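Heads up, the thing below is written out as structure tokens.
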Amino acid sequence: MRRSVSPTPTVKSPLPSISKGKGRANNSWFSFGASRTSREVQATVIGLVRDLVKEQDYNSRASSGILESCAEACTGYDTSLSALLQEKSIEGHTPMYWAIVKRPPDGEEDETAVPDLLTALISFASPLTAKTISDIRHACLLTSDQALFQRLRMSPEFSPLSGTDEMLLGATIPPDEISVENVPGDEGAFTVDFEIVHFQKRMLVSKRIELDFIARGTGTRHPTC
């Protein structure tokens, strides 16, 4: 018996039109109608995010507008945008990984691009899982972007304080400052300056302080105990 099988429809994901004046995505792109399935919506959203990262549009308002529309579409189909953004759906990595690898180092990007695409992605992906944080750390290591790594470290999602340190410092993010400088003329040498808030009190109570930084393309965790 010969059975006629209809071909599976292909879900395309071109970037929607963007009004740069308002930084909003074209919401009509997400008017799928009742015929759309949750899986098709997920595939379309992943495709849109992939295009965002590939094009690396530094118009942060436009990127946020597209991601906001994706979030609205996901909500309508009982899908978590946070979970989709943390899938390793782009060549074995998360969208945040590629946003870091493709972005200019901190200090070189256009000031109007802050918050940039990476910031928008992290905002919609939060709370971050341990695997996602590991993927982000890996990208920072590959680019040897210590400045970005420290900026991310100041986020409670990326580097939360222990409960004891939260009580001592009255904060949810590490207040310590870390400055790394490469030594000219020596490919393997670098200097690190630490400024640790309430060092003695934290050592007496917590017994341990951990400082993370990147130097010469290598991630380092310096425990003080």
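The values are calculated or read from the model by the stated rules, or taken from the named source; none is laboratory data. These numbers come from a predicted model, not from an experiment. With ideal geometry, Cβ positions are generated from the backbone for all residues, glycine too; neighbour counts draw on all protein chains shown.
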Quick one: count up the residues across the range 155-177 that are touching a His at 6+ places or on another chain (Cβ under 9 Å) and not in a helix (DSSP H, G or I). 1
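Select, from D186, D212, the only residue that is of a type in the set (D, E, K, R) and within 24 Å of I136 (Cα to Cα).
Numbers: D186 fails: within 24 Å of I136 (Cα to Cα).
When all the criteria are applied, what remains is D212.
Give me a count of the residues in the range 191-225 that are under 25 Å from D135 (Cα atoms) and either modelled with pLDDT of 80 or more or touching a His at 6+ places or on another chain (Cβ under 8 Å) (or both). Outline the logic, then answer.
So the first thing to find is which residues in the range 191-225 are under 25 Å from D135 (Cα atoms), and the list is 192, 209-223.
Right, trim to either modelled with pLDDT of 80 or more or touching a His at 6+ places or on another chain (Cβ under 8 Å) (or both) and you get 192, 209-215.
Of the residues in that region, 8 qualify.
Looking only at the range 178-188, how many residues end up being in a loop (DSSP other than H, G, I, E, B) and either on the phi > 0 side of the Ramachandran plot or touching a helix residue (DSSP H, G or I) at 6+ places or on another chain (Cβ under 8 Å) (or both)? Walk me through how you get there before you give the answer.
Looking only at the range 178-188, we keep the residues that are in a loop (DSSP other than H, G, I, E, B), and these are 183-188.
Keeping just the survivors that are either on the phi > 0 side of the Ramachandran plot or touching a helix residue (DSSP H, G or I) at 6+ places or on another chain (Cβ under 8 Å) (or both) gives 185.
Qualifying residue count for the region: 1.
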Give just the number: which of (1) in a helix (DSSP H, G or I); (2) at pLDDT below 95 does Y97 not satisfy? (2)
Scan of the range 100-126 for residues that are modelled with pLDDT of 60 or more and buried (at least 17 other Cβ atoms within 10 Å of the Cβ), ordered by number: I100, R103, D116, L117, L118, T119, A120, L121, I122, F124, A125
Residue by residue through the range 45-94, note down the ones that are of a type in the set (G, A, S), surrounded by 17 or more Cβ atoms within 10 Å (Cβ to Cβ) and not in a helix (DSSP H, G or I). S89
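Could you say which residue among A171, A215, A147 is without any contact (Cβ under 8 Å) to a residue 12 or more places away in the chain and surrounded by 12 or more Cβ atoms within 10 Å (Cβ to Cβ)?
Values: A215 fails: without any contact (Cβ under 8 Å) to a residue 12 or more places away in the chain; A147 fails: without any contact (Cβ under 8 Å) to a residue 12 or more places away in the chain.
Matching residue, one of A171, A215, A147: A171.
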Could you check the range 127-143 and list, in sequence order, the residues that are crowded, with 16+ Cβ neighbours inside 10 Å and part of a loop (DSSP other than H, G, I, E, B)? L128
